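Step one of this worksheet: look at the structure below.
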Amino acid sequence: MIKSFLFLSAFSLFTHVVIAVQPSKQKPNILFIMLDDLGKEWISCYGAEDIETPNIDALAAGGMKFNNAYSMPQCTPSRATLLTGKYPWRNGYVNHWDVPRWGIGYFDWKHKENTTFARLMKDLGYKTCAAGKWQINDFRIEPLAMKKHGFDDWAMWTGWETGNPPSGERYQNPYIHTRSGSKTCKGKFGPDIYTDHIIQFMKKHKEDPMCLYLPMALPHTPFVRTPDEPNASSKLDRHKAMVRYIDKLIGKLVHALEELAIRDNTILIFTTDNGSTGSITGTLNGTKVQGGKSKEKESGICAPFIVNCPGLVAAGKETNALTDFSDLLPTFVELGGGKVPDNLVVDGQSIAPLILGKENDSTRKWIMALGFGPAKLDQKRMDGEPRDPFYVNRVIRDKTIQGMGIQR
């Protein structure tokens, strides 16, 4: 008995167990959807003029649309920040780490700096699932990385694994990692697999509180033809087809929530990891906007951010409140009825009171984005650049600029 008590005590300290402060039956589901490389200039409810996104627009009309939400400038810093609640200078992901190509097992679950929202939500009794693009572990080295980071189930594109050409496919014939291992899914379209996996998990666990993470692969390059538009020819036409397919999948997810009768208790958050690729230009409120991915300007980091839940979030709200990706972990925990453990350092502040209509503004006085170019591997260190992660490029701003994809 003494050994068991000591083990459980040590485990609780190690995993930063969260204490629930409300009954589980009152806990809302959370469905967090994050696109891969898409700025506001491609979302029509934000003023995009070159495309229509009716299902995304419906989320905004029926929920809360944020004008001042910051992602990080690049893929990996955004993902590490939202998972941990820590800014890149604290968790080390100050640039783009393309882990699978290097064959290294980074983002170690044992490090307290890498405690994820999924692990904390499990402490609150949530069932957790992720599907899409993970980016920050090599599944060949750690096949159970997703489980160790707190997910009960998953279907993830592995990322491009060096020496394994099939792994480069995230769209047609995608190479997907699940609890059963990694394999090519012949004749399938990756985004359908990721979305359907989330839906099947919802069907299985609709009686349980769920925290669902859908980091979509779309519309990241390569620009591909979708099942709905197989004849799209030019780069721009394929990009538009991919965005329209995103909108279709959003509609499919909302329909599934309605069929399962959990729509009114599921807080759906829609955003993107960074701005559009620089090779694509869209029109936003009469202004041409070149994709700002990897750049610390509004078109690269001021993300579309919409929160929708008919039973909990008021409809037709538009807010200039400040928020950034470090706020997601504490927000999820508060929505789940818990409190971030005192021994876990996070940089973010919960926006749950704003989302639920208990406050009219966030507590943030400023928001930040941080990051620079792709990392490289050499004999000196992971990143061969002689930079200190505490002092890499960043941008900090308040409400004096209303972030709508402005070129600054």
Evaluation of Thr162 against (1) touching a helix residue (DSSP H, G or I) at 6+ places or on another chain (Cβ under 8 Å); (2) at pLDDT 95 or above (one fails), failing number: (2)
Give the number of residues within the stretch 243-299 that are more than 26 Å from Ile396 (Cβ to Cβ) and aromatic (Phe, Trp, Tyr). 1
Number of the exception - Lys204 against (1) of a type outside the set (Asp, Glu); (2) within 18 Å of the chain's Cα centre (by Cα); (3) modelled with pLDDT of 95 or more: (2)
Inside the stretch 335-377, the number of residues satisfying the requirement of being buried (at least 19 other Cβ atoms within 10 Å of the Cβ), not hydrophobic (A, V, I, L, M, F, W, C) and not in a loop (DSSP other than H, G, I, E, B) is 1
Which numbered condition Gly159 misses (of (1) free of Cβ contacts under 8 Å to residues at least 60 places away in the same chain; (2) under 26 Å from Tyr106 (Cα atoms); (3) touching an Asp or Glu at 6+ places or on another chain (Cβ under 9 Å)): (1)
How many residues, within the stretch 45-85, are over 22 Å from Ala217 (Cβ atoms), within 18 Å of the chain's Cα centre (by Cα) and of a type in the set (D, E, K, R)? 1
Only residues that are farther than 17 Å from Val340 by Cβ and touching a strand residue (DSSP E or B) at 6+ places or on another chain (Cβ under 6 Å): list them for the stretch 90-127, please. His96, Lys127
Looking at Leu38, Leu120, Leu83, Leu59, which one is over 28 Å from Val243 (Cα atoms) and not charged (D, E, K, R)? Leu120
Go through the residues of the stretch 229-239 one by one and say whether even a single one is touching a helix residue (DSSP H, G or I) at 6+ places or on another chain (Cβ under 9 Å), modelled with pLDDT of 95 or more, assigned to a helix (DSSP H, G or I) and over 21 Å from Asp37 (Cβ atoms). no
For Thr331, which of the numbered conditions (1) touching a residue at least 40 places away in the same chain (Cβ under 8 Å); (2) among the polar types (S, T, N, Q); (3) touching a helix residue (DSSP H, G or I) at 6+ places or on another chain (Cβ under 6 Å); (4) outside any loop (DSSP other than H, G, I, E, B) fails to hold? (1)
Residue under evaluation Pro143, criteria (1) out of contact with any Gly (no Cβ under 8 Å at 6 or more places or on another chain); (2) under 30 Å from Val333 (Cβ atoms), criterion not met: (1)
May I ask you to list pairs of residues, at least six apart or on different chains, whose Cβ atoms are under 6 Å apart, with the first in the stretch 94-117 being closer than 17 Å to Ser182 by Cα and the second being of a type in the set (Gly, Ala, Ser) and buried (at least 21 other Cβ atoms within 10 Å of the Cβ)? Pro100/Gly159
Output for the stretch 295-333, where each listed residue is of a type in the set (Asp, Glu) and under 18 Å from the mean Cα position of the chain (by Cα): Asp324, Asp327
Could you list, in sequence order, all residues of the stretch 192-235 that are among the hydrophobic types (A, V, I, L, M, F, W, C) and either within 25 Å of Thr76 (Cα to Cα) or free of Cβ contacts under 8 Å to residues at least 12 places away in the same chain (or both)? Ile193, Ile198, Met210, Cys211, Leu212, Leu214, Met216, Ala217, Leu218, Phe223, Val224, Ala232
Per the list (1) in contact with a helix residue (DSSP H, G or I) (Cβ under 7 Å, 6 or more places away or on another chain); (2) farther than 19 Å from Arg394 by Cβ; (3) hydrophobic (A, V, I, L, M, F, W, C); (4) assigned to a helix (DSSP H, G or I), residue check on Leu82 breaks on (2)
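One line per residue, one yes/no per condition, for (1) hydroxyl-bearing (Ser, Thr, Tyr); (2) touching a strand residue (DSSP E or B) at 6+ places or on another chain (Cβ under 8 Å):
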position	(1), (2)
His197	no, yes
Met202	no, yes
Tyr213	yes, yes
Thr226	yes, yes
Ala241	no, yes
Tyr245	yes, yes
His255	no, no
Quick one: would you say Lys252 is surrounded by fewer than 20 Cβ atoms within 10 Å (Cβ to Cβ), under 19 Å from the mean Cα position of the chain (by Cα), in contact (Cβ under 8 Å) with a residue 40 or more places away in the chain and closer than 30 Å to Leu312 by Cα? yes
Are any residues in the stretch 323-338 of a type in the set (Gly, Ala, Ser) and out of contact with any strand residue (DSSP E or B) (no Cβ under 6 Å at 6 or more places or on another chain), and if so, which ones? Ser326, Gly336
Those residues of the stretch 104-135 which are among the hydrophobic types (A, V, I, L, M, F, W, C) and over 18 Å from Asn164 (Cβ atoms) amount to Phe107, Trp109, Phe117, Ala118, Leu120, Met121, Leu124, Cys129, Ala130, Ala131
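The values are calculated or read from the model by the stated rules, or taken from the named source; none is laboratory data. Every value quoted in this text rests on a predicted model; they were computed, and no experiment measured them. So basically every Cβ, Gly included, is an ideal-geometry build from the backbone, and we count neighbours across all protein chains shown.
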